[in-house]
């Protein structure tokens, strides 16, 4: 079945450090891939997405590239800020079939950025 | 544009009591989802509506959970009776054209 695997957290970084959060997926066909972010006490917000192989999603300095050959969608940011502290979720949807549009999430990776 | 609205934000109940959660999706969004998020986990789908029709409720524990979406707009998720293991965050999301889901802030349920 379809699944998403994220690197275990928590991840603790100093401000201005480079961030990578690994995400790999298992899916039939060509899923769309997403990164959502959840700040403390809030709901999930879409951070970025990619809908086909080799697409790069980007937002707020974060980037992720849809790599079909490695079934990966790793999240990166060149210089993190304290305000980036949150939980990050990788997710996929299938765009066909009975479960069309249903999001399948990874377990989340908690990021803490220290000043 | 207003986002997805959920209420209440927090609910504390005794086990075996009933509880209900309400969701108002983004205006014009025909697809509505209810997700369950356990502590330290990613959300898991409970039910998906297309307008007023529940098109995927395979993960909804129907012995105690029920949902409705009258008139294809607002939705209510109910648990009766609640069990200790139901303590979690219940998230509502909606989707219009395209494949992006927009989430509400969630309802945090504590069952004592």
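Remark: mean inter-chain Cβ contacts per residue of A:25-38 equal 1, using a 10 Å Cβ-Cβ cutoff to other protein chain atoms. Among B:22, B:34, B:97, the residue with the largest mean-square fluctuation in a Gaussian network model of chain B, with springs joining Cα atoms closer than 10 Å, is B:97. Highest average first, the peptides B:10-19, A:81-90 ordered by how many other beta carbon atoms sit within 10 Å of their residues are A:81-90, B:10-19.
For chain B, averaging the sequence separation of C-alpha pairs within contact (under 8 Å, six or more residues apart) and dividing by the residue count gives a relative contact order of 37 percent.
Region A:68-86 and region B:84-105 have Cα centres lying 23 Å from one another. Between A:71, A:28, A:93, the GNM of chain A built on Cα springs shorter than 10 angstrom shows A:28 fluctuating the most.
With Cα atoms as the point set, region A:1-70 shows a radius of gyration and Dmax of 13.2, 39 Å.
Between region A:1-36 and region B:1-16, the C-alpha centres lie 28 angstrom from each other.
Cα gyration tensor of region A:37-115, axes a ≥ b ≥ c as square roots of the eigenvalues: rounded (a/c below 1.5), prolate (a/b > b/c) or oblate? Taking the square roots of the gyration eigenvalues as a ≥ b ≥ c, region A:37-115 is oblate. With a simple spin-label model that places each label point 7 Å from the Cα along the Cα-to-Cβ direction, the separation between residue A:68 and residue B:10 comes to 4.8 nm. Judged by the ratio a/c of the largest to the smallest principal axis of the C-alpha gyration tensor, chain B counts as prolate, that ratio being 1.5 or greater while a/b is larger than b/c.
Take each residue of peptide B:86-99, count the partner chain Cβ atoms within 10 Å of its Cβ, and average: the result is 2.
Peptide B:46-55 is shielded by partner chain Cβ atoms: per residue, an average of 1 of them sit within 10 Å of its Cβ. Here the relative contact order of chain A, from alpha carbon pairs under 8 Å that lie six or more residues apart, stands at 36 percent.
Bear in mind these aren't lab numbers, they're just calculated from the coordinates by the rules spelled out. Just so it is clear, the structure is predicted and the values come from calculations on it, not from any experiment. Quick reminder, even Gly has a Cβ in these numbers, built from the backbone with ideal geometry, and neighbours come from all protein chains shown.
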